[in-house]
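Every number in this text was worked out from the coordinates using simple rules, so none of it is lab data. Only a predicted model underlies this, so the values are computations on that prediction, with no experimental measurement involved. Cβ sites come from the backbone with ideal geometry, for glycine too, and all protein chains shown count toward neighbours.
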Amino acid sequence: QVQLVESGGGLVQPGGSLRLSCVASGSLFSISAMRWYRQAPGKERELVAAITSGGRADYADSVKGRFTISKDLANDTGHKRTVYLLMNGLKTEDTAVYYCNALDIISPEHWGQGTQVTVSS
């Protein structure tokens, strides 16, 4: 069983920064990628950023150059892993609930409970 716990959300002014954390625990040997999604009110959930087990990162066009996804390589084990999403230059349109997701090659994907990010002056 894989569990994902997000933290780091909050209220920030436009132009500000936040760093989200996602701690994955359990049997992680079949996890091929970690991803961040977000869902704004009245909108569909969208993929924001992803990082593969090999370290390749990809981003949605709307966040390229502003967001950075990374892993805590020093403490990456088969049973615990931390993934970050550093968000700079935040805009009001970044306001959403941000979800951590783990892509599993042998099981259905896993989701965290979400953390609220609100960008407002």
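Numbers at a glance
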item: Dipole magnitude of the chain, debye to nearest 20 (Cβ charges: Lys/Arg +1, Asp/Glu -1, about Cα centre); result: 180 debye
item: Nearby aspartates and glutamates by direct alpha-carbon distance to residue 64 (threshold 19 angstrom, same-chain neighbours under 8 apart not counted); result: 46, 93, 94
item: For the chain: relative contact order, % (alpha-carbon pairs under 8 angstrom, 6 or more apart); result: 37 percent
item: Highest to lowest packing among 94-102, 64-72, scored as the average C-beta count within 10 Å; result: 94-102, 64-72
item: Extreme residue, positive dipole direction of the chain, given options 36, 67, 113 (C-beta unit charges); result: 67
item: Rh by Kirkwood over Cα pairs, then Stokes-Einstein D for the chain at 1.567 mPa s and 4 °C, µm²/s; result: 90 µm²/s
item: Theoretical gain in end-to-end length, residue 11 to residue 118 [0.36 nm per residue, Cα-Cα removed]; result: 38.0 nm
